[in-house]
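Q: Have a look at this one before I ask anything.
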Amino acid sequence: MIHSDHQFDAIVIGAGHNGLIAAAYLGKAGKRVLLLEAATRLGGALTTAEVSPDYRVSTGAHLLDALPRRIEKDLKLAKHGLRFAARQLQTIALDRDHNHIVLALGRGNLDILRRHSAADADAFAAYLARMKSYSAVLGPLLRDALPDIEPETMSRRLRRLVWRAQRLGGETLESLMRQLPGSIGDLLNDTFETPLIKGALALDALMGSGEGPYSAGTALTSIARQSLRSISKGPHSIEGGLGGFTDALAASAASYGVVIRAATDVKRILVSDGHVYGIETQTNEIYEAPFVLSSAHPRETMLDLVGAKYLDAGLVKQLNEITDTGTTAKLNLSLDGLPTIQGLAPQEYGARILVAPSLVALDDAYTAFKHGGIASDIPMEVTMPSVIDAPLVPSGQHVMSIVMQYVPYEIKGGWEQGRDRLVDRAIETLSAYAPDLRQRIVAGELMLPPDIENKFGLVNGGWYHGDMRLDQLLSFRPAPALARYATPVKGLYLCGAGSHPGGGICGLPGEYAARLVLSEGARA
Amino acid sequence: MERHDAIVIGGGLNGLTAAAYLARAGVDVLLVERNERLGSAAAGFDIHPGFRMPRFTLGTSSLPHHTVTDLELPKFGLRFMRVDGGVSLLADGCYHASYRDGLMMRRELTRHSLKDADAWTRFRRDMLRAQFSLRDALAQPMHDPSRRSLAAFRALLGNADQLAIKPVPDLHDMTRLWTMSCAEFLDSYFTSDIVKMHLAAKALAGTTFGPYSPSSARFLMNLFSAETEGAGGGAPASVLAMGGPQAVADALGAAIEGFGGHVRTESEVTDVILRDGKARGVALADGEEIYADAVLSDLDLKRTFLALFPWKDLPKGFVERVGRFRMRGVTAKINLALDGLPAFPVVPDDCPALQGGLRLAMPMEKLEQAFDDWRSHMPPRTPLIEALIPSMSDRSLAPLGKHVMSVAVHYVPEVLHDGAWTQSRKDDFTDLVIGEITAHSPGFKDLILATETLVPPDIESEVGLTAGDFEQGEMSLDQMFFNRPMPGLANYETPIGNFYLCSGSAHPGALETGGTGAGAAQRVAAALGRNVITRRGVGI
């Protein structure tokens, strides 16, 4: 059969990592796939660009922390250029008094923790074991593909969950039952006494979410996050920044014959008789395919690209109610040398660094955020990728990549005035640990939630195409009727972070959606 | 030597309900109360000669229908009144009232938004549905998943099956109600700010949650507790007992004695007598010892275990676990005797909804700020003020032409970050609240004949509630159902043999007035070889 260059087996909308992964899986299975991206470059929030001439850094997300090895292998990403600057980065919580805590087991690490509190050093191993067993119980539910809708399958799945929980044993089960519905702050207060370790572990759990350390349900969401992460034993740092990951995905997809078009904005998804038959671009070009997969936000896909007239009113309401909370800003800095962080060993400069001195500081930042303000102490996750990936920058120079948590989408008085204040606060917060930071700064770029929205198409600057909260997870993600990637429009599937299991660079929505399309295609 | 089948320590509504159910089941029960009057937090008093009112609570508390009928309370003198559901006043002169009558409610909502009048039907249906399924759940015995028994495991598998057959959209609705914030949840129904403020203020009053706290939406369904639902299609009624909450306590006390039980007031229990690790009775402050086969405590979890037992007699680690049970005071009470009925010019004359009380509503942002102030232990700046003038509908409470006003002020911290609750601070606080009310009611200040202000530490010392927490333990999801008060103790049992918890610290706590007492009575009666029969769960 001869294909015209406007006819494909499948069209994938959006070349973020999920779109790329979906397209690559389909291509690998021998399908003729067209992948369309509105922006001029691929990768969505996973790109590498210059902060200032010759200083390159991951523009948005800066660590890869939940990608399953299976996807890496299936798509032969290593062959297509994926290189890890470092696997399993250490996470270090910075201490004002230079006794920085490494959040991992190991004798040296525990010795430092013991300087803060002997009880906490003893509690730490038990805590990690407990979190691990929690995620062993809940993990499969949270990361495996959703079972079909039949009550028998659901029931079998839930019975297995009960069984796994029973096998935990009395005390662990008891603490799971007690802590699961609660907040991460209460959980940590019950476990530790050192403010720093509580602050750091809470920030680790809350990064990117719009909830505070004492918000109900945060214990569960942090276990969900942990169980997604445990698939890849992350976080990992990528050579060339996260753009390197995108490049490898694109190369893999291209090797399977996927046709990739950047700077091609889709205007609408074409539907006839309740069945999708292609898409139309902003420039009025029409591409046809029996399958269309969209990695765009579910609301954008269903309401803007398909149109409400094809959907029932209840679904439209649900789509309109998906919440996205922007809570982070990104600050990238070019530095003319490595800033000195007292107490940090030379090999630790390449680690993932958390700045969150206490639950109190975190809660204050959350309160300020809720009321449209900026905290005096900004919680942040910092990496200096140039330490382990020298080619990013000119020799002897460095880049620092900072994710600031609890930065609101809108601020009282407007961002016009607030921008400089935020940068100033961030640098001041960090200067408490790295006094010479300010002198090292050559250039910088700040991305506020509205900038993240504009640049990466993430609604409100939220990371996940729908906040990862209990009412927007599992069978509810993005809405009950859309939870299994299929939509009421036959042949149209969702394959982005807005679908189960959700965001956090795990690539699973893309993989699961592609597998579903392949099995449906085989049946047809 | 005095001996009974069972002793109940404390005469709050749960203790009274427990004792009444036990007495009715033929158990020889003695209830011991430290104060002169029964009722604990429900107690009332004469604020001024001739002026009677509930001293600690707002005064709208009622009992579930099944408790009233089970215990034949009307026979013991209890009468309830149903009045319209309250008015919210806004600083800009707006108001919103709740009516039981569906047409009046619709007209009221239409004043603000036609869309909201339509949304009301949907909201009301969803809340009633949630309320009914909660009632169903409360009627089931609570299985504790941390108890590793075959029966518990079977029950859990049964729950899993039940969950599996529920349609996903229903589960989604349930999850939204139980996990979302109140403000966000209301946004999915209503557009008019005052309608949302009206509902949020009433739902959140007395809770430790703010309008933007995750899992605060579920308090909205409490507004629709099935028993108060009229058939009219409007808002649920406010239920007032004739004679105030004190009358509820007195009727329960009369019921206990009517069923052959015993009540002793002005007797304080100081110790639980233990032998071989089991409770055998109680010791009173005057040294008297009374023995029994079962002892029930209506004191909160902390007070029960930290005050009635030598800590060394409790299992290892238990005191720490009790210490971690979260109890936080959030409500202060101001009691006023008034020389006449205050006027609220914004509200039409004779608006019947005023009888259901009034709230000074505020925008969600401001309410959240009040909540955040409370969380950071700031002296209240813009607390949530709720008032009831029970003498409007119950003329027995005040001399002719005069009135009592019961004011509950929420988001008031127990401990202030910068010092203690001194008298001058309390005076400032009282002035703030009276000033706020006067802003809506010119001349209000001049009507006041007498005032009393009770901040959470006062409530702790007068009522005995730890931290002044009326909920006897925060009603957060991790302290509810099988977690209340803690895993392993969900069945009113404690690590001490023959010793049971019947206070609001146990399940279902604040979800149902007297519910813990009824549940504990069932458990204890079974242990004593008796059977408590209740209409709970029988169709309403």
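Q: If you count the DSSP beta bridges with both ends in the protein assembly as shown, what percent of them are antiparallel, to the nearest 5? Don't jump to the answer; show the numbers that get you there.
A: On the way: 85 of 125 bridges.
Among the beta bridges of the protein assembly as shown, antiparallel pairing accounts for roughly 70 percent.
Q: For B:Asp271, list long-range residues whose amide hydrogen, built 1.01 Å from N in the peptide plane, is under 5 Å from its own amide hydrogen.
A: Counting only residues 5 or more places away or on other chains, the set is B:Ala283.
Q: Starting from the residue with the highest accessible area, list B:Met197, B:Met242, A:Met468 in decreasing order, probe 1.4 Å.
A: Numbers: B:Met197 15, B:Met242 85, A:Met468 45 Å².
Most to least solvent-accessible, the answer reads B:Met242, A:Met468, B:Met197.
Q: Can you give the % of DSSP beta bridges in chain A that are antiparallel, to the nearest 5?
A: Values: 40 of 59 bridges.
Bridges in chain A are about 70 percent antiparallel.
Q: Taking +1 at the Cβ of each Lys and Arg and -1 at the Cβ of each Asp and Glu, which of B:His262, B:Met242, B:Ile273 sits farthest along the dipole of segment B:210-283 towards its positive end, judged by Cα position relative to the Cα centre?
A: B:Ile273
Q: Using alpha carbons only, how many degrees (0 to 90, rounded to 10) separate the axis of helix A:359-370 from the longest principal axis of chain A?
A: Result, in degrees: 50.
Q: Mind listing the long-range amide H neighbours of A:Ser294? Cut-off is under 5 Å, sequence gap 5 or more, other chains count too, H placed in the peptide plane at 1.01 Å from N.
A: Excluding prolines and chain starts, which carry no amide H, the hits are A:Ile13, A:Tyr493, A:Leu494, A:Cys495.
Q: Evaluate peptide B:433-442: per residue, the Cβ atoms of other protein chains within 10 Å of its Cβ; return the mean as an integer. Present the calculation step by step, with values, prior to reporting the outcome.
A: Values: counts 0, 0, 0, 0, 0, 0, 0, 0, 0, 0.
Partner Cβ neighbours, averaged per residue: 0.
Q: Can you give the FRET efficiency for B:Ser461 and B:Ala527, using 1/(1 + (r/R0)^6), R0 = 30 Å, r = Cβ-Cβ distance, to the nearest 0.05? Display every interim value, and only then the final one.
A: Working: r = 34 Å, r/R0 = 1.13.
Once the sixth-power term is evaluated, E becomes 0.30.
Q: Next question. Need the C-alpha centroid separation for segment A:310-324 versus segment B:145-174, integer Å.
A: Cα centres, segment A:310-324 to segment B:145-174: 29 Å.
Q: Sum up the charges of everything whose Cβ sits under 10 Å from the Cβ of B:Ala164, counting Lys and Arg as +1 and Asp and Glu as -1, but leave B:Ala164 out. Present the calculation step by step, with values, prior to reporting the outcome.
A: Details: positive: A:Arg156, A:Arg157, A:Arg159, B:Lys166; negative: A:Glu150, A:Glu152, B:Asp161.
Neighbour charge sum, excluding B:Ala164 itself: +1.
Q: Take the alpha carbon atoms of segment A:127-143, find their center, do the same for segment A:234-262, and report the distance between the two centers in whole angstrom.
A: 30
Q: HN-Hα J couplings of segment B:503-511 from phi, Karplus 6.51/-1.76/1.60, θ = phi - 60°, integer Hz, Gly and Pro as x?
A: Values, residue by residue: 8, x, 5, 9, 5, x, x, 6, 5 Hz.
Q: Using only protein heavy atoms and a 1.4 angstrom probe, determine the accessible area buried between A and B, summed over both sides, in Å² to the nearest 100. Mind showing how you got there, number by number?
A: Working: alone 21250 and 21790 Å², together 39470 Å².
Interface between A and B: roughly 3600 Å².
Q: Also: If I fit a long axis through the Cα atoms of helix A:118-143 and take the longest principal axis of the Cα atoms of chain A, what angle between them do I get, 0 to 90°, rounded to 10?
A: 0
Q: Right, something else. Per residue of segment A:439-445, in order, report the coupling 6.51 cos²θ - 1.76 cosθ + 1.60 (Karplus, θ = phi - 60°) as ³J(HN,Hα) in whole Hz, putting x for Gly and Pro.
A: 5, 7, 6, 9, 7, x, 9
Q: Can you work out ³J(HN,Hα) from phi for every residue in segment B:149-155, in order, using Karplus 6.51 cos²θ - 1.76 cosθ + 1.60 and θ = phi - 60°, giving whole Hz and x for Gly and Pro?
A: Computed from phi, the couplings for segment B:149-155 are 10, 4, 4, 5, 5, 4, 4 Hz.
Q: When the accessible area of chain B is computed with all protein chains present and a 1.4 Å probe, what percentage of it is carbon and sulfur? Write out the running numbers ahead of the final one.
A: Details: 10360 of 20010 Å².
So the carbon and sulfur contribution to the accessible surface is 52 percent.
Q: Cα centroid distance between segment A:147-179 and segment B:32-74, in Å?
A: What the calculation gives is 44 Å, centre to centre.
Q: So which of A:Lys317/A:Lys412; B:Lys402/B:Lys426; A:Lys132/A:Lys198; A:Lys370/A:Lys412; A:Lys370/B:Lys333; B:Lys333/B:Lys445 end up more than 19 Å apart by C-alpha?
A: A:Lys317/A:Lys412; B:Lys402/B:Lys426; A:Lys370/B:Lys333
Q: Mind checking which lysines have their Cα closer than 21 Å to the Cα of A:Lys28? Skip sequence neighbours fewer than 8 apart in that chain.
A: A:Lys73, A:Lys76, A:Lys79
Q: What's the angle, to the nearest 10 degrees (0 to 90), between helix B:102-112's Cα axis and the longest principal axis of chain B?
A: Computed tilt is about 50 degrees.
Q: Counting only trypsin sites (Lys or Arg not before Pro) that sit in a DSSP loop (anything but H, G, I, E, B) with at most 14 other Cβ atoms within 10 Å, what is the longest stretch of chain A containing none of them? Provide the component values of the computation, followed by the final result.
A: Values: sites that count: A:Lys79, A:Arg83, A:Arg87, A:Arg96, A:Lys233, A:Lys412.
Here the longest run is A:234-411.
Q: Want the number for A:Gln347 to A:Leu128: 0.36 nm per residue separation, take away the alpha-carbon distance, what's left?
A: On the way: separation 219, 0.36 × 219 = 78.84 nm, distance 2.41 nm.
Full extension of this stretch gives 76.4 nm more.
Q: Around A:Asn284, what is the net charge, scoring Lys/Arg as +1 and Asp/Glu as -1 over all other residues with Cβ under 15 Å from its Cβ? Working shown, then result.
A: Details: positive: A:Arg261, A:Lys267, A:Arg268; negative: A:Asp265, A:Glu280, A:Glu285, A:Glu288.
Summing Lys/Arg as +1 and Asp/Glu as -1 gives -1.
Q: While we're looking at this one, here's another question. Between B:Ala450 and B:His262, what is the label-to-label distance in nm when each label sits 7 Å out along the Cα-to-Cβ direction?
A: Distance between the two pseudo-spin positions: 3.5 nm.
Q: Considering only protein heavy atoms and a 1.4 Å probe, what is the carbon-and-sulfur percentage of the accessible area of chain A? List each step's numbers first, then the result.
A: Numbers: 9900 of 19460 Å².
Carbon-and-sulfur percentage of accessible area, whole number: 51.
Q: Here's a follow-up. Counting only helical runs of four or more DSSP H residues, what would the 222 nm mean residue ellipticity of chain B come to if each run contributes -39,500 (n - 2.57) and the total is spread over all its residues? The partial results should precede the final answer.
A: Details: 17 runs with 188 residues, N = 540.
Rounded to the nearest 500, the figure is -10500 deg cm²/dmol.
Q: Considering only protein heavy atoms, what per residue accessible area in square angstrom results for the protein assembly as shown with a 1.4 angstrom probe? Present the calculation step by step, with values, prior to reporting the outcome.
A: Working: 39470 Å² over 1064 residues.
Averaged over the residues of the protein assembly as shown, the accessible area is 37 Å².
The values are calculated or read from the model by the stated rules, or taken from the named source; none is laboratory data. Since the model is a prediction, treat every value here as computed from it, not as a measurement. No Cβ is skipped: glycine too gets one built from the backbone with ideal geometry, and neighbour counts run over all protein chains shown. Side chains are part of the model used for accessible areas, which takes the heavy atoms of the whole protein and leaves out ligands, DNA and RNA. Shrake-Rupley method; radii C 1.70, N 1.55, O 1.52, S 1.80 Å.
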